[in-house]
Amino acid sequence: MARRLLIAGNWKMNGFLADSLADTLATLMRKKQDWPFEMVVCPPFTLLHYLGKIISGSGMALGAQDCHLKGSGAHTGDISPLMLKDVGCTYVILGHSERRMDHGEGDSLIREKATAALGAGLKVILCIGETEAERDSGQTLTVNQTQLKGSMPVAVDVDATNLVIAYEPVWAIGTGRTPTNLEIQEIHAFIRKELLSLIGKAAEGVRILYGGSMKPGNAGEILALPDVDGGLIGGASLKAEDFWAIAQQSPSL
Ligand code: PEP
């Protein structure tokens, strides 16, 4: 099954109304209709509604960086999947290592959020990845296997194309370090194999993104790996020229 390359920008806690980043990207996207990649920007909650209007009609999608597992109610400070749909989101990132660490999010909570998000009609970018200590002690595959199994939404058999896995080694995020291309391919192939055992043939439609210090200088070779279906990009997604240069290295361009 052909999987469309996904180039996703995780802006984290960055960005203001006055910034021109989304506008610049939308202008570039509008130059053509049939880009061989799908692009999504995931700004902070404060910018979602506004940016939804800025990028409207550009072909670029909007995503959030987290959501609550409930649809509404007494959850001060939280945002529900339905609220994200309401402001025009198509995607939501869940289980990012910064949320796992900063907010103590574990696999079972992430699974509940992912199930709720899919149920609300969002596409889920589910993040997994090992720490440096886990890598050094030879646990890379088992850690990713456990996180995948534990945080996988229960409703995934509904439509596997709504589920995206982002393999993000924690030690590569924001550090300028990356695994070798061989390691990335091996881990992505392992994740695909695990997906097969979890959801059967639908696994072939699930996109697996690489995330961790992806930049214009290394994107071409990473995106060309057979089991890499795109990138989740942090730092380099904050500069329009870098993010665009990464997208332009899609193998079919
Ligand atoms: C991320 O945090 O999702 C990420 C991949 O960050 P960076 O590209 O900055 O390493």
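The values are calculated or read from the model by the stated rules, or taken from the named source; none is laboratory data. These numbers come from a predicted model, not from an experiment. Virtual Cβ from ideal backbone geometry, glycine too; neighbours counted across all protein chains shown. Quick note on the areas: whole protein, heavy atoms, side chains included, nothing else; ligands and nucleic acids left out. Shrake-Rupley method; radii C 1.70, N 1.55, O 1.52, S 1.80 Å.
Couple of notes before you dig in:
- Size of the stretch 57-97 as Cα extents on the principal axes (Å, biggest first): 36, 26, 13
- Taking 0.36 nm per residue of separation and subtracting the Cα-Cα distance, full extension of the segment from E132 to Y50 would add 25.8 nm.
- Loop-resident sites, the stretch 10-112, for trypsin sites (Lys or Arg not before Pro), counting at most 10 other Cβ within 10 Å (DSSP): K31, K32
- Centroid-to-centroid, using Cα positions, the stretch 202-218 and the stretch 60-111 are 21 Å apart.
- Gyration tensor over alpha-carbon atoms, the stretch 46-180, equivalent ellipsoid semi-axes in Å: 27, 17, 14
- Distance in nm between pseudo-label sites at S252 and S20 (7 Å out along the Cβ direction from Cα): 3.2
- A viscosity of 1.306 mPa s and a temperature of 10 °C, combined with the Kirkwood radius over C-alpha pairs in the Stokes-Einstein formula, give the stretch 159-253 a diffusion coefficient of 117 µm²/s.
- Expressed as a fraction of 2.2 N^0.38 Å, the value expected for a compact globular protein of N residues, the C-alpha radius of gyration of the stretch 99-152 is 1.23.
- Mean accessible surface per residue for the chain, computed with a 1.4 Å probe while every protein chain stays in place, in Å²: 44
- With all protein chains in place and a 1.4 Å probe, the accessible surface of the stretch 124-210 carries 55 percent carbon and sulfur.
- Amide hydrogen neighbours beyond the local backbone of L6, cut-off 5 Å, H modeled: E38, G230, G231
- Kirkwood estimate for the chain, i.e. one over the average of 1/r between Cα atoms, Å: 18.0
- Intensity falloff of the stretch 110-198 expressed as log10 I(q)/I(0), Debye formula with alpha-carbon point scatterers, at q = 0.13, 0.16 Å⁻¹: -0.44, -0.65
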